[in-house]
1. For n ≥ 4 DSSP H runs only, could you compute -39500 (n - 2.57) per run for chain B, divide by its residues and tell me the 222 nm figure to the nearest 500?
2. In the protein assembly as shown, what % of DSSP beta bridges are antiparallel (nearest 5)?
3. Rounded to whole Hz and in sequence order, give me ³J(HN,Hα) for segment B:387-394 from the Karplus expression 6.51 cos²θ - 1.76 cosθ + 1.60, θ = phi - 60°, writing x for Gly and Pro.
4. Per residue of segment B:227-244, what does 6.51 cos²θ - 1.76 cosθ + 1.60 with θ = phi - 60° give for ³J(HN,Hα)? Whole Hz please, x for Gly and Pro, Karplus curve as stated.
5. How much length, in nm to one decimal, is gained on full extension between B:Asn57 and B:Ala316, taken as 0.36 nm per residue of separation minus their Cα-Cα distance?
6. Quick one: divide the alpha-carbon radius of gyration of segment B:121-247 by 2.2 N^0.38 Å and tell me what you get.
7. Please compute the net charge surrounding B:Leu220, taking Lys and Arg as +1 and Asp and Glu as -1 over other residues with Cβ under 13 Å from its Cβ.
8. Could you state the angle between the C-alpha long axis of helix B:338-352 and the longest principal axis of the C-alpha atoms of chain B, as a value from 0 to 90 degrees rounded to the nearest 10?
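What follows is calculated from the coordinates using simple rules that are stated; it is not laboratory data. Just so you know, these numbers come straight off a predicted model, no measurement behind them. Counting neighbours? That spans all protein chains shown, and the Cβs are built from the backbone with ideal geometry, glycine included.
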Amino acid sequence: MPNKKSLHIESSGQLCVYCGACVGVCPLNCIYLDETRITFDERICTRCEICVKACPVGAIEIG
Amino acid sequence: MVQDLKTDVLVIGAGPAGSMTAKWAAKAGARVLMIEKRQEIGSPVRCGEGMSKDWLNEVGIAPSTRWINVEVEGARIFSPSEKVLEINERHAGNEVGYVVERDAFDKQLAIDAGNAGAEILLKTAATGVIKEGGKVVGVRAKQFGEPFEIRAPVTIGADGFESQVGRWAGIPTNLALRDMDSCLQYRMTNVDCDVRYCDFYLGKVAPGGYVWIFPKADGLANVGIGVQLSQIKGMAEARQYLDAWIAKHPAYSKGKKIDVVGGGVSISPPLKQTVTDGLMLVGDAARMIDPLTGGGIANGCIAGKICGDVAARAAAAGTPSKEFFQQYEKGWRVRLEEKLYRNWLAKEKLCSLSDETFDKVVDALQGVKLEKLTVHNILKAVRDKYPEITKEFEAFI
Ligand SMILES: Cc1cc2nc3c(=O)[nH]c(=O)nc-3n(C[C@H](O)[C@H](O)[C@H](O)COP(=O)(O)OP(=O)(O)OC[C@H]3O[C@@H](n4cnc5c(N)ncnc54)[C@H](O)[C@@H]3O)c2cc1C
Ligand code: SF4
Ligand code: SF4
């Protein structure tokens with residue numbers, strides 16, 4: 001997917017509070033949260049940016 | 001190697017809805033297994049910790065000082081210019097009641113489930129559903145990282161707001177932008193909160209949502225915000241709105257944060273479908289949060305009791321079909337749906353009121369001795385004081 005923007009979830013704990021808001025809103029179900037570990041399926045994601053809005057602390061960036 | 005497991009009723013998620021379901025299914029005689037991906041039930045807390053209390057008896061929860069912080073007398077609604085509308089318990093129809101210690105509350109419900117006979121596995125996450133002949137027959141799971149399978153004729157998705165179980169099984173639970181709030185909360189000490197009230201600040205301070213202050217003790221409160229996704233433009237807006245609100249309120253800006261909580265809250269109308277062959281959804285996973293108040297503990301527990309009972313009977317009769325599960329689908333709707341729908345409509349309309357109108361409405365209600373906050377009384381008060389907004393407000397009601 002050469003034209004896809006990159007999506008970065010800052011999940012090392014500097015921003016992310018592991019609340020699962022992004023997981024619940026992703027229409028494609030491509031984010032998974034396990035305690036303090038976030039897995040994100042790059043291939044399925046359409047960069048719809050819904051998770052970016054849902055994240056209360058701004059830990060998800062699309063650029 | 002973790003061994004594959006079999007059970008009658010498999011519950012995914014040990015929040016209030018899951019524990020209630022597990023407890024009532026076990027009480028009805030089913031072999032129950034509840035799995036939870038966290039290492040500690042109830043922690044970290046993702047909640048404002050306010051709840052009403054009139055439903056506790058119905059689902060068999062005994063109030064206990066182990067999880068009740070304070071019992072409040074009422075709620076105060078602050079209009080955009082901070083005129084106050086006080087609603088005591090009688091008016092609010094018991095919408096307010098306790099501020100609780102959610103981790104202790106969740107643990108107590110899990111204890112009740114365990115004591116009723118349910119097995120509980122921690123550090124065990126469902127990673128997908130197993131389907132055979134179009135029916136859900138269990139889940140793939142990981143325990144301490146090791147994959148294994150759990151098979152059960154009846155699987156319950158009680159996996160909260162994240163709710164992947166339903167989607168894995170093909171039940172549409174996706175939310176529209178306007179049907180969800182992004183939330184952030186700080187627990188703050190050294191604040192001037194009033195332990196008699198839960199406070200709600202509405203209007204542009206929190207577009208499509210509100211700021212809440214739920215007191216946990218003298219000087220200690222949960223200070224949080226929910227903002228509607230459809231009104232958010234950039235990143236981290238929940239945090240920005242909350243920080244801005246706190247900065248403008250000296251009673252809270254002098255406070256010290258001791259905890260931060262994030263999360264998503266659905267503010268949607270009720271789902272059309274919460275069951276399929278072999279699977280039922282309950283609690284936040286079934287989007288049962290009250291769309292007006294954002295509270296989901298009570299509804300999750302009430303539906304959980306109904307769900308547990310139906311699950312046990314389906315397992316005993318060997319009929320885990322979506323037809324049989326209509327008993328649950330109908331049962332929870334009879335108990336909760338009308339209010340969910342009504343409150344969703346009220347929320348939609350409340351979001352459309354201008355700050356000015358909202359201020360006037362609350363102002364009109366000042367000092368009016370309202371025996372009961374009936375629609376008629378409210379309309380009359382508004383008509384008497386601000387006849388010019390009566391029309392907009394009538395449309396609202
Ligand atoms: C910031 C915030 C404030 C809130 N304030 C209030 C309030 O004041 N009052 C109120 O009534 N409600 C409030 N709510 C809503 C309330 O927290 C929920 O409605 C309630 O927790 C729902 O209970 P539940 O059992 O359905 O889900 P949850 O309590 O979310 O429990 C789900 C459980 O499932 C587990 N799980 C998830 N996926 C898996 C998996 N794949 N495998 C295994 N386990 C899994 C999770 O770890 C979790 O323990 C608030 C929510 C938020 C985010
Ligand atoms: S951008 Fe859209 S599809 Fe991609 S992870 Fe976020 S919500 Fe999911
Ligand atoms: S919404 Fe933001 S803070 Fe919450 S889990 Fe996702 S990335 Fe982390």
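1. Details: 12 runs with 120 residues, N = 397.
Here the helix-only value at 222 nm equals -9000 deg cm²/dmol.
2. Just about 75 percent of them are antiparallel.
3. Computed from phi, the couplings for segment B:387-394 are x, 5, 9, 4, 5, 4, 6, 4 Hz.
4. 10, 6, 4, 5, 9, 8, 10, x, 9, 6, 5, 4, 5, 5, 5, 5, 4, 5
5. Numbers: separation 259, 0.36 × 259 = 93.24 nm, distance 2.69 nm.
Length gained between B:Asn57 and B:Ala316: 90.6 nm.
6. 1.45
7. Taking every Cβ under 13 Å from that of B:Leu220, the sum is -2.
8. Helix B:338-352 sits roughly 40 degrees off the main axis of chain B.
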